[in-house]
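Data block below; observations after.
The values are calculated or read from the model by the stated rules, or taken from the named source; none is laboratory data. Predicted model only: the values in this text are computed from it and were never measured. FYI the Cβ positions are ideal-geometry reconstructions off the backbone, even for glycines, and counts take in every protein chain you see.
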Amino acid sequence: MYEVLADWPDVIDSVPMVIEPKREPEPEQRTFTEIARRRQIVGAAIDTIAEVGYAQASLARIAARIGISKGVISYHFAGKDDLIKQVVVDVIEAGRNYILPRVSAEITGPGMLRAYIESNLSFMRDHRNYMVAVVEILRSGAFKTDGGRRLDGREVDVATRLLQEQLARFQDGGDLRGDFDPSAMAIAIRAAIDVVPHRLVLDPEFDIDRYAVEIANVFDRATRRDDPQ
């Protein structure tokens, strides 16, 4: 029931999984119980959207999932748009917290690249509902920038740019093959990663682990020096 999105890579890169999300600080007056309730509501929203789609994920349905009234959601969030914004921010932050330590721990170019690919894909494997929910939200056009504009692919491609910089850095240090274009390689790597959330929507049985191994091997061969130091 999901059509193929021709502009999917541009859309998903608008909320890349490795950037520092802009979060509102928790108000000092918000209690631990209130913070926990907000997180519970966000989790219920993610699971509901993944199960029934964005359009059918009403506040009443989200509330019923965790046994609360719609009014409880309205107390914590200004409305569905406010809740959806928090869903996207939380998914981005969860991905960042999962991926960055694994990538940062690697000190070689090949190690960094393999960790980058495998950690992105293993996060998607372990958080399937997160990925499906984000696909649904972006397809609906519901998520908007702080200026009120819907995401439409015009956002700076932060994830690809950061990866390009890392590839160029390891090239300059002689740790990766020096004759490939870091920009083109980063675009190709991100495209191979960013197709997976949509694939999870189309095929719940998609074998991410096997895909991760194959993709990591492909880009390792494409970037590794022939004469390693």
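Data table
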| item | result |
| --- | --- |
| Any hit, the range 180-199, residues being at pLDDT below 90, in a helix (DSSP H, G or I) and within 30 Å of ASP82 (Cα to Cα) | yes |
| Residues that are acidic (Asp, Glu) and either touching an Asp or Glu at 6+ places or on another chain (Cβ under 8 Å) or in a helix (DSSP H, G or I) (or both), drawn from the range 68-114 | ASP81, ASP82, ASP90, GLU93 |
| Selection count, the range 195-213, where residues are free of Cβ contacts under 8 Å to residues at least 24 places away in the same chain and either charged (D, E, K, R) or touching a Pro at 6+ places or on another chain (Cβ under 7 Å) (or both) | 5 |
| Positions within the range 45-61 being under 15 Å from GLU136 (Cα atoms) and either hydroxyl-bearing (Ser, Thr, Tyr) or surrounded by 13 or more Cβ atoms within 10 Å (Cβ to Cβ) (or both), in sequence order | ALA45, ILE46, ASP47, THR48, ILE49, ALA50, GLU51, VAL52, GLY53, TYR54, ALA57, SER58 |
| Selected residue [among the hydroxyl-bearing types (Ser, Thr, Tyr) and modelled with pLDDT under 95] from THR108, THR145 | THR145 |
| Single match in ASP13, ASP81 (criterion: modelled with pLDDT under 95, of a type in the set (D, E, K, R) and crowded, with 20+ Cβ neighbours inside 10 Å) | ASP13 |
| Every residue from the range 59-118 that is acidic (Asp, Glu) and touching a strand residue (DSSP E or B) at 6+ places or on another chain (Cβ under 9 Å) | ASP81 |
